[in-house]
Amino acid sequence: MAMLDGRTAVVTGGAQGIGLAIARTLIDNGARVVIGDIDQAAVDKAVVELGGADAARGATCDVRRAADIEALLDLAQSDGAALDVMVNNAGITRDATMRRMSEDEFDAVIEVNLKGVWLGTRAAAARMREAGRGSIVNISSLSGKVGMAGQTNYSAAKAGVVGLTKAAAKELAHLGVRVNAVQPGLIRTPMTEAMPQKAWDQKMSEIPMGRPGEPHEVAGVVAFLACDWSSYLTGTVHEVTGGRFM
Ligand code: NAP
């Protein structure tokens, strides 16, 4: 029997990159998965990649909108299933030094990466507390631990995710709901492929393992946090970084 057999999981930002890998790994371990992402065509394509309607379902979901998140969770529970796993993964970057960063760029990153995670955590927690069980996994970033130049917006949001994860974990522990966070380092996805070569090379030189991570290597840690192998973990933060800035 697979670790997530019979479990229902939702992944935001699940149409590509780390979110898509998380969806695939959860499915491979027995879960029924619903993905949400901002672009319907991307969601449809990802559902096909994940094996079609038998394996996964999907819907447009902008994590800045509470109503979109509720609709996504409704879809996951449309057959009366409990919501077992919520992965708040959707994120964006708008990198610039503070001298050049606009207020709009600051607000956009806080709204998706921090408020979006709060909305997802709050909505999932309300349903999980009814069932007396559940696992919420929030995707932070190594930027939230060390602070990266050119990412005052992103580093603030990702550090905020750690604080909200720990606070929510304390509120929900006695209800059987666990909340944990993952901090990926440099992972090969469309987000990082857009990075200038100089920035990529700089980051590579900081990684003791000497290579970038692959999305499935983040997904494995998320699956561990989603299932009962991590049943006594809550409020924890897991660095998936190849040893960078340990
Ligand atoms: P990605 O390839 O850009 O995938 C993120 C997905 O989220 C995209 O499909 C994106 O759609 C979607 N999205 C953007 N805004 C959204 C919104 N408002 N509502 C719902 N979905 C939205 O990024 P990734 O590299 O897989 O990153 C996934 C998560 O890991 C993010 O939280 C990121 O900050 C974090 N992370 C990544 C790395 C890394 O090295 N890749 C490192 C640390 C942390 P669009 O493409 O249309 O924008």
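The values are calculated or read from the model by the stated rules, or taken from the named source; none is laboratory data. It should be emphasised that the depicted structure is a prediction, and the values quoted were computed from it without experimental measurement. Here the Cβ is made from the backbone with ideal geometry for all residues, glycine too, and neighbour counts use every protein chain on show. Ligands, DNA and RNA are excluded from the accessible area calculation, which covers all protein heavy atoms including side chains. Shrake-Rupley method; radii C 1.70, N 1.55, O 1.52, S 1.80 Å.
To the nearest 10 degrees, how steeply does helix 116-131 sit against the main Cα axis of the chain, on a 0 to 90 scale?
That works out to roughly 20 degrees.
Go through ILE69, GLY51, ALA82 and say which Cα lies farthest out towards the positive end of the charge dipole of the range 44-92; charges sit on Cβ, +1 for Lys and Arg, -1 for Asp and Glu.
Toward the positive end, the furthest listed residue is ILE69.
To two decimal places, what compactness ratio does the range 8-237 give when its Cα radius of gyration is scaled by 2.2 N^0.38 Å?
Against the empirical 2.2 N^0.38 Å value, I get 0.96 for the range 8-237.
Taking H as built 1.01 Å from N, whose amide H comes closer than 5 Å to the amide H of VAL240, not counting residues under 5 places away?
Under 5 Å from the amide H of VAL240 lie the amide H atoms of GLN183, GLY185, each far enough along the sequence or on another chain.
What's the center-to-center distance, using Cα atoms, between the range 66-136 and the range 179-244 in Å?
19 Å
With a 1.4 Å probe and every protein chain kept in, tell me what percent of the accessible surface of the chain is carbon plus sulfur.
Ligands and nucleic acids excluded, carbon and sulfur reach 53 percent.
Taking a probe of 1.4 Å, how large is the accessible area per residue of the range 122-194, in Å²?
38 Å²
Could you do me a favour and compute the accessible area per residue for the range 37-118, 1.4 Å probe, result in Å²?
Counting only protein heavy atoms, the per-residue value for the range 37-118 is 53 Å².
Compare the peptides 138-146, 230-238, 199-207 by average per-residue count of other Cβ atoms within 10 angstrom and give them in order, highest first.
Descending mean neighbour count gives 138-146, 230-238, 199-207.
So which lysines can LYS170 reach, going by Cα to Cα under 29 Å and dropping same-chain residues fewer than 8 places off?
In chain and number order, the partners are LYS115, LYS145, LYS158.
Could you rank the peptides 125-131, 175-181 by their average count of other C-beta atoms within 10 Å per residue, with the highest value first?
Peptide ranking by packing, descending: 175-181, 125-131.
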